[in-house]
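Report on the following structure.
The numbers here are math on the coordinates, done by the rules we state, and not lab data. Not measured: the values here are computed from a predicted model. Here Cβ is always computed from backbone atoms with ideal geometry, including for glycine, and neighbour counts include all displayed protein chains.
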């Protein structure tokens, strides 16, 4: 079984954030930084949505590793709640 397949299996068996973050690292290490950033963004968003703080929904991402299309898609989804980190 490949490393990728093993990570996917680990997530299927126990879908916690740790396994997902390890998979995001794997994507980055294997040349897919944009997918890695997307996964980390999803994990961050899910954590904020599950908190009971009741504050505004916001999202911060690093714009340096994402394509213009990826950033545009996030802006469309999050609007003013998106902050790009330089």
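Modelled label-to-label distance, residue 42 and residue 2, 7 Å Cα→beta-carbon offset: nm?
1.8 nm
Using a simple spin-label model with points 7 Å from Cα along the Cα→Cβ vector, what separation in nm is obtained for residue 71 and residue 30?
Computed distance between label sites residue 71 and residue 30 equals 2.8 nm.
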